[in-house]
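Single-structure report; data block below.
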Amino acid sequence: MEQIQTKRIVLGISGGIAAYKCAELTRLLVNQGIQIQVAMTEAATHFITPTTMQALSGKPVYSNQWGEHTADHMAHISLSRATDAIIIAPATADFIAKLAHGLADDLLSTLCLARNCPLLLAPAMNKQMWENPATQRNIQQLVADGVTILGPVSGTQACGEEGMGRMQEPVELARAVVAFFQPKLLSGVKVLLTAGPTYEAIDAVRGMTNRSSGKMGYAIAQAALELGAEVTLISGPTALSSPHGAVLMNVTSAAEMFDLVKNHVADVNIFISVAAVADYRVAQPNKQKMKKSASGLTLELLPNPDILGYVTGLPKPPFCVGFAAESHNLHEYAATKRKTKKVPLLAANLVQQAIGADDNELVLFDDAGEHVLPRADKLTLARALLQHVIKLYRQGN
Ligand code: PMT
């Protein structure tokens, strides 16, 4: 993975109400080890103070072209030369218009015009302003100029209206910044993932499921997107939102997941089976709600299809990654499972630490032996796992 800790970013804040979210964005980026230099328009200082931004970034904030931070008054040159990217968040309609027309009448717009590094914009404005043909023309111009546009998203706006124009949430923007710096090692590669639990109906209201949250699978989907992959995510019921850019297909039961995998696996390069698929389903689920019986209830269960087994058994299977969730004897069971599942790579985890949790630890099993990916949040682990997958995938292609 690209060493994000070495990156230096100018966070430019223009004057919109979403400016308050820059405090959180700065904190998230600084936590990743990224050096943040804040530059604000004068209007932005009415929404959030330079003092707040200085405290969070750990550096003096630039807001005045004629300020005292640089002896030669050349902040617009020195700042843009010492940075790997500039991100403007929020980017107001007015600031976007200035950039599209090459105007430079304050420090931040001059800095953007004088840059020799990539520029990312996170637009934030009222929906009518966003939909205005002038704004759309300006955005198209900036895209044509090679500027990266992050968002906006739809939702409730500060003015009380609903619609497109909200700035992406800080956590999404921080992810997008990290993704922006990743070398696109999976460009042109199609990745199919299963994630989450399955739900097997007993009757109209009851069913059998498990505690998988989908977090591990969704994190791998996110990490694959960062590396430029085309990602299809087939997910059992979860409370998570789709990673931006993935094709998400929701299913309920193992049979539905199996059908979708069969329909979409044909031209896939990498298949990663993270889902906690129910091994059994009820032979005859009742379409109505069953009445309670004093004599108890016996359910007949039938085995579900082995989805991963089906994919590895294809005449030309994609590169397959299996998962194993074990409550004990992790190494022994996982090594055996890798052989029975016939996968080149199996990622094993202890179910009591992994399921539903925000972080995890993985032990990878492949032909070369075992590799521990130490405890970390699931996105960090997913990124490390994909580096290993890419190495093995390339050896076989
Ligand atoms: O979703 P989280 O809360 O983030 O938790 C993540 C996780 C613990 C669910 C995940 O890391 C994990 O371990 N997933 C696999 C869990 C599992 O069911 O393992 P298994 O040993 O039952 O299955 C082995 C492999 O076969 C898995 O890749 C599974 O997806 C696949 N399988 C299993 C049964 C079946 N009928 N079809 C399958 O494809």
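The values are calculated or read from the model by the stated rules, or taken from the named source; none is laboratory data. Here the structure is a predicted model, which is why all the values come from computation and not from measurement. Cβ placement follows ideal geometry from the backbone for every residue including glycine, while neighbour counts extend to all protein chains displayed.
A few points about this structure:
- Considering segment 99-109, the residues that are out of contact with any Leu (no Cβ under 9 Å at 6 or more places or on another chain) and crowded, with 20+ Cβ neighbours inside 10 Å include one that is farthest from GLN141 (Cα to Cα), namely ASP106.
- Filtering VAL268, VAL251, VAL282 for residues that are in contact (Cβ under 8 Å) with a residue 24 or more places away in the chain and in contact with a helix residue (DSSP H, G or I) (Cβ under 7 Å, 6 or more places away or on another chain) leaves a single hit, VAL251.
One line per residue, one yes/no per condition, for (1) modelled with pLDDT of 95 or more; (2) surrounded by fewer than 21 Cβ atoms within 10 Å (Cβ to Cβ); (3) touching a Pro at 6+ places or on another chain (Cβ under 7 Å):
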site: ILE272; (1), (2), (3): yes, no, no
site: ALA275; (1), (2), (3): yes, no, no
site: ASP279; (1), (2), (3): yes, yes, yes
site: GLN288; (1), (2), (3): yes, yes, no
site: LEU308; (1), (2), (3): yes, no, no
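- One residue from LEU379, LEU346 being modelled with pLDDT under 95 and surrounded by 14 or more Cβ atoms within 10 Å (Cβ to Cβ): LEU379
- Matching strands (runs of 3 or more DSSP E) fully within segment 190-294 where at least 1 residues are among the basic types (Lys, Arg): 190-195, 280-282
- Selection of strands (runs of 3 or more DSSP E) fully inside segment 303-380 by the criterion of at least 2 residues being more than 11 Å from the ligand (Cβ to nearest atom) and either hydrophobic (A, V, I, L, M, F, W, C) or within 18 Å of SER273 (Cα to Cα) (or both) returns 359-366, 369-377.
- When PHE323 is tested against the conditions (1) out of contact with any helix residue (DSSP H, G or I) (no Cβ under 6 Å at 6 or more places or on another chain); (2) surrounded by fewer than 21 Cβ atoms within 10 Å (Cβ to Cβ), the lone failure is (2).
- The listed residues are VAL189, VAL247, VAL205, VAL231, and the only one of them that is among the aliphatic types (A, V, I, L, M), away from the ligand (no atom under 16 Å from the Cβ) and touching a Lys or Arg at 6+ places or on another chain (Cβ under 6 Å) turns out to be VAL205.
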